[in-house]
Amino acid sequence: MEIKYINNQNWQNFLLNQVEKYEVYSLFKQGDIDYNYSKLTAENLNDTLIGKYRSTVPLKSFFFPPSEKIVPFDIKKPKILVGVKACELAHLLTLDSMFLGGEYGDPIYEAARKNTILISADCTSAKNCCFCSKIEGSPYPTYGFDINLRPIKSGFVVETMTKNGEKLIENNSHLFQNSINDYITESEEQRKKVVQLVLEINKDYKFAELLYESVKPPKLDLWKEIAKECVECGGCRFTCSTCYCFLLKELKDFEKQRIWDTCQFKGYSRVAGGANPKPTKHGRYRNYYSCKINYRHENFKYYACTGCGRCIDVCPAEIDIRKVLTLMSE
């Protein structure tokens, strides 16, 4: 891994250079506390922010959109995504295993992944719903990026992990310089502070060491009680970057469209003749947790929940996955 440094002004120049060659999406402030991706232009360059924490809209939207035509399909234009957070990169483990694993990969998803450069960034703060440090994660990336930015006062400590990242920096080498120990030390201290902040936010939530044992199928009465508040809106599934359920819609002239769906909806698992293996709300709700915490860990040795907290943010019934996991662990 190569480590460089770039100051704030040169970083702006770097972004401007990329706008000429790629579709660049960066984080911008949305309201008082949130961030979201928007297309970067020369006009809004000064408004772009790396962001304190992850975006509101999940990263999967760029590779697996809410709605997309798949027959026929167009190759996605080359993109650069700026400000991607560690929890989002962890989400891609699940999406990649779904769409690229097995005997046949999904050519649409594969094309989007290949044509996208990921410039990630350390979190410099945390929302009250963030809990990555409680579930085998961290608020700074350690894998999955092409380039990572460690924000410091004067600019960024820059790490590269792939040939694509190295090439991008080589093409703009006049803007970068070798990082010095003081800059690296400053970035490492910043990392420690945010890790502690996340742990402090979640000090009252007690997860068992082996979470997947805590959500196994028994405890039906407990699941019924937890699921009472759920209104089955699907918000937690749609904002989660590791949910990949979809339906196919037939359009005119043999065109086909792929649309996000969710196992939370009663009609999702219904089959011909009206049979439904998941007829109850609490059964579907339990399946959601089992999929994220139990099945994924059992088969792939990692959780399909990375502590981004979007499901907590969006739930109209204020259901908190941390409280559910704590209750199950107890």
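The values are calculated or read from the model by the stated rules, or taken from the named source; none is laboratory data. Source: prediction; values computed, not measured. Positions of Cβ are backbone-derived with ideal geometry, glycine not excepted, and every protein chain shown enters the neighbour counts.
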How many residues are at pLDDT 95 or above and over 15 Å from the mean Cα position of the chain (by Cα) if we restrict to segment 128-142? 1
Determine which member of the set A42, A111 is assigned to a loop (DSSP other than H, G, I, E, B), touching a residue at least 24 places away in the same chain (Cβ under 8 Å) and more than 18 Å from R150 (Cβ to Cβ). A42
What do you reckon, is G307 modelled with pLDDT of 85 or more, part of a helix (DSSP H, G or I) and either crowded, with 20+ Cβ neighbours inside 10 Å or more than 21 Å from the chain's Cα centre (by Cα) (or both)? no
Subset of segment 61-105 (residues that are assigned to a strand (DSSP E or B) and either in contact with a helix residue (DSSP H, G or I) (Cβ under 8 Å, 6 or more places away or on another chain) or within 13 Å of S241 (Cβ to Cβ) (or both)): E68, I70, V71, K79, I80, L81, V82, V84
Which one of R191, R237 is surrounded by 12 or more Cβ atoms within 10 Å (Cβ to Cβ), outside any loop (DSSP other than H, G, I, E, B) and modelled with pLDDT of 95 or more? R191
Quick count over segment 290-304, residues being part of a loop (DSSP other than H, G, I, E, B) and either surrounded by fewer than 19 Cβ atoms within 10 Å (Cβ to Cβ) or of a type in the set (V, I, T) (or both), is 2
Expected output for segment 131-150 (first residue touching a residue at least 40 places away in the same chain (Cβ under 8 Å) and buried (at least 19 other Cβ atoms within 10 Å of the Cβ), partner among the aromatic types (F, W, Y) and in a loop (DSSP other than H, G, I, E, B), Cβ below 8 Å, 6+ apart or cross-chain) is F131/Y205; K134/Y205; K134/F207; I135/F207; I135/Y303; P139/Y53; R150/Y140
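Just give me the residues in segment 261-286 being over 30 Å from L327 (Cα atoms) and either of a type in the set (A, V, I, L, M) or crowded, with 17+ Cβ neighbours inside 10 Å (or both), in sequence order.
Passing the criteria: V271, A272, A275.
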In segment 214-231, residue modelled with the highest pLDDT [restricted to those that are of a type in the set (D, E, K, R) and in contact with a Ser or Thr (Cβ under 9 Å, 6 or more places away or on another chain)]: K224
Does E330 satisfy the criteria of being in contact (Cβ under 8 Å) with a residue 12 or more places away in the chain, more than 19 Å from P65 (Cα to Cα) and among the charged types (D, E, K, R)? yes
